[in-house]
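Following: one structure in structure tokens, then a few remarks.
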Amino acid sequence: MATTTMSHQAIGSIVSHNRPFKASLFQKEPLNVPMKLSPKRFKIEAAASSQVIDNTVLSSPSKNKPFESKKKSNEAALILIRHGESLWNEKNLFTGCVDVPLTQKGVGEAIEAGKKISNIPVDLIFTSSLIRAQMTAMLAMTQHRRKKVPIILHNESVKAKTWSHVFSEETRKQSIPVIAAWQLNERMYGELQGLNKKETAERYGTEQVHEWRRSYEIPPPKGESLEMCAERAVAYFEDNIKPELASGNNVMIAAHGNSLRSIIMYLDDLTSQEVTTLDLSTGIPLLYIFKDGKFMKRGSPVGPTEAGVYAYTKRLAQYREKLDEASLN
């Protein structure tokens, strides 16, 4: 337990050295709002109130006409995507927090996921700090009909923030801020990372490896249990993502099997036993609607040519109509 905590603190010091960006900071000059990291809950606490992105008037991709209503909606979309196949997935290796990219198949899965969500509004993207999740988010957004450009925000130093600042207000309106957070990383598999899964089962026994992979409370050697992963991922979701949804911002999260299982456990109010049986396919988006403080699960969008998913809410149907109108201009 102590070893794992030290690992978390080391990762946090590299990736989340300063406060994570809020959506409003992409539209305005950087604000010096101090943050404090609580290692006990892997929780980031703001010392000042969060502000929200000013996207009340959006331009259509082709003309400078109002694209969305000026009035902020009390409904927001939440899209969850597990990253596509990675090079170590292909080799059947335990990956955990080792930073490896997507395979060609994984690239294709990310693109197909993007096609399925191409008519769903996205104002803000959260990813883990790992490249396979970031590649998935970026590739998915190349398929979005809105044609806004995802931009990874850097907060690791004053120089990084200054050098990556976008000075054109019009360009910022046509961009989507991407916030990378180590708290959304895959769970750390400790001494299993880099080992072949089949060979590990032969060495330690199938039951032992299954317990390490699927139990809620038991971690692999010097690694994280699902419970420990859930503690940091859910705390980050509550403190940083849920407030954006409550403000009417539509959010996409591209992350990993275990960090997303943890978040789904929170959204669907699953027990620790139920979450251990939950499987998430790579590259398959899941849609939730956040309204009146509650999350409503809508399943997986079926694709850009199918209307079924947009019948769930009037707002999503209207958004697609606007996209169709803009494409004809």
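The values are calculated or read from the model by the stated rules, or taken from the named source; none is laboratory data. Computed from a predicted structure; not experimentally measured. Note that each Cβ is placed from the backbone with ideal geometry, even for glycine, and that neighbours are counted across all protein chains shown. These accessible areas exclude ligands, DNA and RNA; they are computed on the full protein's heavy atoms, side chains included. Shrake-Rupley method; radii C 1.70, N 1.55, O 1.52, S 1.80 Å.
Do you know which of the residues in the range 133-168 that are of a type outside the set (S, T, N, Q) and without any contact (Cβ under 8 Å) to a residue 12 or more places away in the chain is least open to solvent (accessible area, probe 1.4 Å)?
Our first condition is that a residue be of a type outside the set (S, T, N, Q); within the range 133-168, this holds for 133, 135, 137-141, 144-154, 156, 158-161, 163, 165-167.
Filter again for without any contact (Cβ under 8 Å) to a residue 12 or more places away in the chain, leaving 154, 158-160, 163, 167.
On the way: H154: 75, V158: 106, K159: 118, A160: 20, W163: 198, F167: 163 Å².
Per the stated criteria, the residue is A160.
Is it the case that some residue within the range 255-271 is crowded, with 22+ Cβ neighbours inside 10 Å, in a strand (DSSP E or B) and not aromatic (F, W, Y)? Yes, there is a match, as at least one residue in the range 255-271 is crowded, with 22+ Cβ neighbours inside 10 Å, in a strand (DSSP E or B) and not aromatic (F, W, Y).
For the range 241-249, check the following and say yes or no: at least one residue is crowded, with 21+ Cβ neighbours inside 10 Å and either over 24 Å from M138 (Cβ atoms) or among the small types (G, A, S) (or both). No, the range 241-249 contains no residue that is crowded, with 21+ Cβ neighbours inside 10 Å and either over 24 Å from M138 (Cβ atoms) or among the small types (G, A, S) (or both). The single condition among (1) closer than 21 Å to G84 by Cα; (2) open to solvent by less than 30 Å² (accessible area, probe 1.4 Å) that V302 does not meet is (2). Counting only residues that are out of contact with any helix residue (DSSP H, G or I) (no Cβ under 8 Å at 6 or more places or on another chain), under 16 Å from V178 (Cβ atoms) and open to solvent by 20 Å² or more (accessible area, probe 1.4 Å), the range 88-132 holds 1 of them. Summed over the range 180-195, residues that are under 11 Å from T127 (Cβ atoms) and surrounded by fewer than 23 Cβ atoms within 10 Å (Cβ to Cβ) total 1. Restricting attention to the range 214-240 and to residues that are closer than 14 Å to S272 by Cα and either of a type in the set (G, A, S) or open to solvent by 60 Å² or more (accessible area, probe 1.4 Å) (or both), the residue that is nearest to the chain's Cα centre (by Cα) turns out to be A230.
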